[in-house]
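Please treat every number below as a calculation from the coordinates, not as lab data. No experiment lies behind these values; they were computed from the predicted model shown. Don't worry about glycine lacking a Cβ; one is built from the backbone with ideal geometry, like all the others, and counts go over all protein chains shown.
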Amino acid sequence: MKSNILLSLSLVCLLLLNGCATRSQKVASWPGDMPSREFFVAHYESDLENKEGQDVDEYLLWVLRFYKGWELYSNGWSKVTEDSLYGVKDPVLAQEIRAKMNLIGEGIACEWAKNKKDRRILTRHVVVWGNALIESIKRDQELALINRVLADVNGLLVHQLELDDVKAERYFPRDGDDVFM
């Protein structure tokens with residue numbers, strides 16, 4: 001009987017140690033080129049409605065997919081940010097672009113990673129913004145587009161912009177005109 005108790009205690013200790021090791025590994029493996037895990041956990045914890053339908057691990061998985069990409073979309077926000085800086089020679093402009101891309105990324109990731117029924121930023125919005133950014137690079141209009149997307153992300157989050165307002169034509173009219181609508 002004493003050996004059964006010791007065996008049971010040993011198994012419990014191993015399970016607890018494994019849980020601690022797994023948790024530490026998750027924190028330690030969080031990518032350094034994106035906002036901290038704690039930033040996203042705090043945002044998750046503050047959204048009581050979303051917490052009811054989604055656990056924190058699922059939320060963080062979608063945050064990671066947004067920044068790093070996954071099998072359905074290989075270019076994550078980290079790559080999109082680097083692409084937006086390609087060819088920018090002015091260090092002040094590069095710093096401004098990076099700072100605004102980081103703000104956009106935080107706003108999108110916090111919302112897009114939520115349970116589908118609770119979010120105001122949808123995959124189609126992310127696709128529209130990604131395509132518009134590619135077009136803005138071709139036209140040498142990155143900063144103007146980034147400013148527009150930042151305003152639209154914030155507009156969606158505070159319900160000043162309707163979900164259906166975010167479409168390709170909002171950023172680059174179909175007629176090829178270089179002027180933003």
Output ³J(HN,Hα) for the stretch 36-51: one whole-Hz value per residue in order, computed from phi by the Karplus curve 6.51 cos²θ - 1.76 cosθ + 1.60 with θ = phi - 60°, and x for Gly and Pro.
5, 4, 4, 4, 6, 4, 4, 5, 4, 4, 7, 9, 4, 5, 5, 4
Considering amide H positions built from the backbone, and no H for Pro or chain starts, which residues 5 or more places from residue 73, or on another chain, come under 5 Å of its amide H?
none
Which parts of the stretch 62-91 would a label at residue 36 reach, counting a residue when its backbone N lies under 18 Å from a point 7 Å out along Cα-to-Cβ?
64
Which FRET efficiency, nearest 0.05, do residue 127 and residue 147 yield, Cβ-Cβ r, R0 25 Å?
0.80
Rounded if a/c is under 1.5, else prolate if a/b is larger than b/c, else oblate: which is the stretch 86-181, with a ≥ b ≥ c the root eigenvalues of its Cα gyration tensor?
oblate
